[in-house]
Amino acid sequence: MKSKLIYKYPKTLLNKGTGFLAGYSHTLNPYAGCSFGCSYCYVRQMPVSFRGEEWGTWVDIKKGAAELLRKELTKAKSKGKVTIFMSSSTDPYQPIEYREEITRSLLEVMVEVPPDFLFVQTRSPLVQRDIDLFLRFKDRVRISMTIETDREEIRKHFTPGAPPITGRLKALQLLAEAGVPTQAAIAPVLPSSEEFPATLAEVVDRVCVDDYFMGDGSGGKRTRNLGIDSLYERLGLEEWYNPAAWRIVYDRLKGVFSDDQVYVSQEGFAP
């Protein structure tokens, strides 16, 4: 399903980091809306999505974003330390980025006017396109790739519009080989195989585990309101939808990764 594309000129780009992202001075969203339209996305329950159209069916493209960011970032840096989380309510590398390159234009600005730290959260292999820019941040950047499961049939049930798992793993491998700091974000935890940790260990040396109950900003309430539990019931996977399910994956990870390589929820996304 194609998303409706709307060009807009935003008045602001940098927003204050709050709640789950309170450790950041700012959040930065190159787009509003997200064509991946993942079934469990907590943003479906946030004001940005309250516009009478289904989440995943529309994307606002922020024109003039680079020029605006240059002004806002310069001003923010004059006031103190600047740490940026990109993105909190959209994927910076959703399909329209192939054509529009808004995210890349923002990275080019941040290379020239560098924040103290930039955290990039995505589930798209397109992120590998910008390795040349990430390398210029040196250790002031981390790319976090969402890989909720290693089971493609599970991925198709929960996020049919998102990129395949194999492409994400390959992108992580290329980023790591280039020397870009990375992590795999198992967020939210979806049903996975016992081999999942070993698969991740081939491409990353840092993982973060999160679930709906810790990570949707409302103790799981936003996710419950989406009725996501009915999907688990339909698939016969109810044991994976409860506040303790993340421990299944966490314990498996600890059999492959060391203690200092495994993070839980908020600490894994902190600057």
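Read the figures in this text as sums done on the coordinates, not as results from a lab. Values in this document were obtained by computation on a predicted structure and should not be read as measured data. Cβ coordinates were reconstructed from backbone atoms using ideal geometry, including for glycine residues, and neighbour counts include every protein chain displayed.
Figures for the structure shown
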{"quantity": "0 to 90° range, to nearest 10: angle between helix 102-112 axis and the chain longest Cα axis", "calculated": "60"}
{"quantity": "R0 of 25 Å, Cβ-Cβ distance L174-V264: FRET efficiency to nearest 0.05", "calculated": "0.40"}
{"quantity": "Positive-end residue, the chain charge dipole about Cα centroid, Cβ charges, pick of L73, A244, I84", "calculated": "L73"}
{"quantity": "Sequence-distant aspartates and glutamates (8 or more away, or on other chains) whose Cα lies within less than 15 Å of K81", "calculated": "E72, D116"}
{"quantity": "Test item: Cα-centred dipole of the chain, Lys/Arg +1 and Asp/Glu -1 on Cβ, debye", "calculated": "1280"}
{"quantity": "Sequence-distant residues sharing a close amide H with W58 (under 5 Å, placed H)", "calculated": "K4, C34"}
{"quantity": "Of K16/K79; K156/K254; K16/K77; K11/K63; K4/K71; K16/K75, those spanning more than 18 Å from alpha-carbon to alpha-carbon", "calculated": "K156/K254; K4/K71"}
{"quantity": "Per-residue [θ]222 nm for the chain (sum of -39500 (n - 2.57) over DSSP H runs n ≥ 4, rounded to 500)", "calculated": "-9000 deg cm²/dmol"}
{"quantity": "Proxy reagent accessibility, fewest Cβ within 10 Å first, across V59, V120", "calculated": "V59, V120"}
